[in-house]
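The structure appears right after this line, and notes come after that.
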Amino acid sequence: MIIPSNGVRGFKEKTIFFIFRFLAEALCFLYSKNKEVVWVTTFFYKH
């Protein structure tokens, strides 16, 4: 089975974009619910 590299690259880009968008929406949701949760989350991500 031969898969074009362009198709695979596009699929990976779409998947990564979807994950980043999901994380961004989740952080915005948590930020609106509880600001301390977002602060702790960003603190752990930076360290």
Per-pair calculated FRET efficiency, R0 = 22 Å: PHE44 and ILE16 via Cβ, rounded to 0.05: 0.60
Packing-based order for 9-19, 23-33, using average beta carbon neighbours within 10 Å, highest first: 23-33, 9-19
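Every read-out reported here was derived from the displayed coordinates using simple, explicitly stated rules and does not represent laboratory data. Remember, predicted model here, so these are calculated numbers, not experimental data. All Cβ positions, glycine included, derive from the backbone under ideal geometry; neighbour counts span all protein chains shown.
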